[in-house]
Structures are given as structure tokens and as C-alpha cells.
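Only one structure is covered here, and it is reproduced in the block below.
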Amino acid sequence: MDTSGSRCVKSRILGKSGLNVSEIGLGCWQFGGDFGPIDSERALATLSAASAAGVTFFDTADVYGAGQSESFVGQHVASGIGEAVVATKVGRTDALYPDKYTYEGIRSHLLASAERIGVEQIDLIQLHCVPPAELERGAVFDILNRLQAEGVCRAWGASVETLAEAKVCLKQEGLTSLQIIFNLFRQDAAWELLPAAEAANVGVIVRLPLASGMLSGKFGKDTKFAETDHRNYNKDGAAFSVGETFSGIEFSKALELVEALQDFVPEGMSLVEFSLRWLLDFPAVSSVIAGCSRPQQVTDNVRASDLPPLSDEIHAALRAFYEGSVREHIRCPI
Ligand SMILES: NC(=O)c1ccc[n+]([C@@H]2O[C@H](COP(=O)([O-])OP(=O)(O)OC[C@H]3O[C@@H](n4cnc5c(N)ncnc54)[C@H](OP(=O)(O)O)[C@@H]3O)[C@@H](O)[C@H]2O)c1
């Protein structure tokens, strides 16, 4: 394995939690099997590669492989390789979703997550795309404030589908972080949300930074995904929000847009580095949690942390490209 990118990843503070997290984090949905089958050997090797590269922030959820992802993260934490701030999520099991968010129910889910991760206190618990009506009602926030006060979690945040949901959460004083879809194919947060998040000292955690891998440039019209891979079964939103797969853009259209995007990439830079660097150029971003299904991807992704910022001209050109050619193809509310 090429480890020449080792330990180059820089850190940032995660909102008002004060936690120090690597600016490139590791998305661990892959370890639940929703990007095709994965065994413990590959999951643990990927987690080890992340720690070797200086990644200290790991994002998982109780529903990823029904606890499997949290358990792999827990095994990795127990191995003592590197530091780890672990964020997990609650709110998408049948016992809670879509409107059964009681104190007892959430507490028992958090305790089960803590056990799988192998910690006494969860570093960061995030609401997992809880329906907007529940966010508006607000009782779920009171429950998280109470669980934080009781020491079950150190901090809490919310992972949301839309900017409107993010803005509802931002009104909550106790909110530490917002996890959003943000990438070159979904740019609106840059001007619609990031300034307000920064002003409220709420850390932004970026998911789908590579639009489910599309922004690596490695897919083509003949690419086939495993039956159990959401990029196969949810590509048109059959199982959950279409926005969570390829950022909501239809596969062949996304391939076209990726080709057009290549023209903006400076010589010597890969499309992955370019896509991740663009995100890191926003100071409101605390961590970009690129999901990885194999060790080499982590090693490649952390290189973005060591690159200089993109120029203002490139940023302006990318916004114009997005507004002129991409946004109209997003098939879900932004
Ligand atoms: N609702 C929520 O809260 C929610 C929803 C979605 C995701 N998330 C979190 O956000 C994380 C990131 O989102 P995501 O995984 O969906 O999307 P992503 O990070 O945009 O894409 C991940 C995929 O990109 C490919 N990839 C990554 N690094 C690469 C590299 N260097 N070169 C080539 N390909 C590379 C891999 O594809 P292959 O596997 O095909 O190699 C990987 O599975 C997840 O792991 C999860 O922790 C949260």
C-alpha cells in the first residue's frame, strides 16, 4: 500500500464541542454493506489505514449493517491504533422512525451504540435524517439536551437532507454540528448555510463529498454495482431519498457532468483531490467524511489536506458551472 500521504491530514475544531477532528474524516457506511459486501478484514484494514494517515474522525450509524459498522469501528478503537473521535447516529430504526422518538427509546439506542463502539460516552450523536415534522416539533432536541446533561453523549448534532431542515436545527442552542450533503454537484450550502453555521459556532460535517464515488471519475456507462449496493437499488430513489445516491443526479447525466468538470482540474491534481480540496476551502467545514471501501482510498483522500487552496477564479468558475449546468438535474429538494 502506498502510504506516502501518511500523517499529512490537518485538524479543525468541531463546532462548540471543542473536539479536535481531522479535516478529512472517514465515512463508515461502507462497513455496513450498503456499497456491496465487505468483510471484517477489509473494514479493519481500511480503518487502520485511516489512522495511519492521521484520520481521527469516524462517522457511523446504528443502522449501518444493523450495528455492524459500529462494531467494526469499536474493534478498531479497542486496538488502540491512533486517536478516534467517533460520531454515530440515531433515529432510523423501526423502533423510533418516523415519529416514536421517546426519551427511553433514544436513550436505549444510545447505550447500545456506546456498547458496540466500546465507549462509556458517545463523542457525538447525530439525529439521522429525522422527519422534518419532528424537527419542527422540537421535543427530540430536548431529549438530546437531557441525554447530554446526563453524560450519555458528549455533544449532539443533526444529519439532515435539506437546507431547510438544517436551518430548523440551527435554531437549537445545544446543536454542535450539522451533517449535510455538500459537494461540487450540490453547492448551495456554500452561500445558503455555511455563513450562518459559522456564526452559530456549529461545525459542518460534509457527507457525500464524492457524490457516492461519482466525483472520483472512475465510473463509466458500463459500471455495474453489486445487488446489495445502494448505487444499484437506490439510484432512482426506490429505497430512501434519491439525494443520498450520486447526490440525486441520474447516473448517465452525472457521468456527462463529471466529464465537463475535468476541464476545471489543474494539471497534476486528481479529480478526487480537486473535489475534496474544494470542500476544505470553506472554513465552516469541520470535517469531510469521505466514505471508503478500501485502504488505498483513504490514503488518496487525505492528500487533499496537504494541497493549497484553489484560486478564487476556480471557485467562481465552479459556482457558475454548478448554477448553469448541474443544479437543474438534482432530483430532490436541496
Ligand atoms: N443520512 C446520513 O446521515 C448519511 C447518508 C449518507 C452518507 N453518510 C455518511 O457520509 C459518508 C460519506 O458519504 P458516502 O460514502 O455516501 O459518499 P462519498 O463519500 O461521496 O462516496 C464514497 C464512495 O466513493 C468512492 N471513493 C472514496 N474514495 C475514493 C478514492 N480515493 N478513489 C476512488 N473512489 C473513491 C468509494 O466507492 P467504491 O466503494 O465503489 O470504491 C466509496 O464507497 C458515509 O460513509 C456515511 O458515513 C451519512
- For the pairs LYS89/LYS235; LYS171/LYS253; LYS100/LYS171, note any where the Cα-Cα span goes beyond 29 Å. LYS171/LYS253
- Item | Label-point gap, in nm, between SER108 and ALA317 - each point 7 angstrom along Cα→Cβ | 5.7
- Message: Assuming 0.36 nm per residue, please report the length gained on full extension of the stretch ALA199 to TYR233 beyond their Cα-Cα distance.
- Response: 8.3 nm
- Using only Cα atoms, locate the centre of the stretch 256-272 and the centre of the stretch 24-73, then give the distance between them in Å, rounded to an integer. 28
- Item | Sorted by Cβ neighbour density within 10 Å, fewest at the top, the residues ASP312, ASP142, ASP59, ASP300 | ASP312, ASP142, ASP300, ASP59
- Of PHE72, PHE31, how do they rank once you tally other Cβ atoms within 10 Å and put the fewest first? PHE72, PHE31
- For the stretch 1-149, what is the charge dipole size about the Cα centre, in debye to the nearest 20, if Lys and Arg each add +1 at the Cβ and Asp and Glu each add -1 at the Cβ? 340
- Task: Have a look at THR162, GLY33, LEU255 and report the one farthest towards the positive end of the charge dipole of the chain, computed about the Cα centre with Cβ charges (Lys/Arg +1, Asp/Glu -1).
- Result: GLY33
- Item | Selected from LEU135, ASN20, GLN179, residue furthest toward positive end of dipole (the chain; charges at beta carbon) | ASN20
- Item | Gaussian network model of the chain, springs between alpha carbon atoms under 10 Å - residue of HIS76, HIS128, HIS315 with greatest fluctuation | HIS315
- Message: Using only the alpha-carbon atoms, how far is helix 103-117 inclined from the longest principal axis of the chain? Give it as 0 to 90 degrees, nearest 10.
- Response: 60
- Note on the structure: Of all GluC sites (Glu not before Pro) in the stretch 163-236, the ones in DSSP coil with at most 10 other Cβ atoms within 10 Å are GLU173, GLU227
- Note on the structure: Percent relative contact order for the stretch 11-329, counting Cα pairs under 8 Å at least six residues apart, stands at 22
- Query: Which FRET efficiency, nearest 0.05, do GLU259 and LYS100 yield, Cβ-Cβ r, R0 35 Å?
  - Reply: 0.15
- Largest fluctuation, ASP222, ASP236, ASP281 only, Gaussian network model of the chain with Cα springs under 10 angstrom, belongs to ASP222
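Where a number appears in this text, it was derived from the coordinates with a stated rule and is not lab data. Please read all numbers here as calculations on a predicted model, not as lab measurements. Methodologically, a virtual Cβ is constructed for each residue, glycine included, from the backbone with ideal geometry; neighbour enumeration extends over all protein chains shown.
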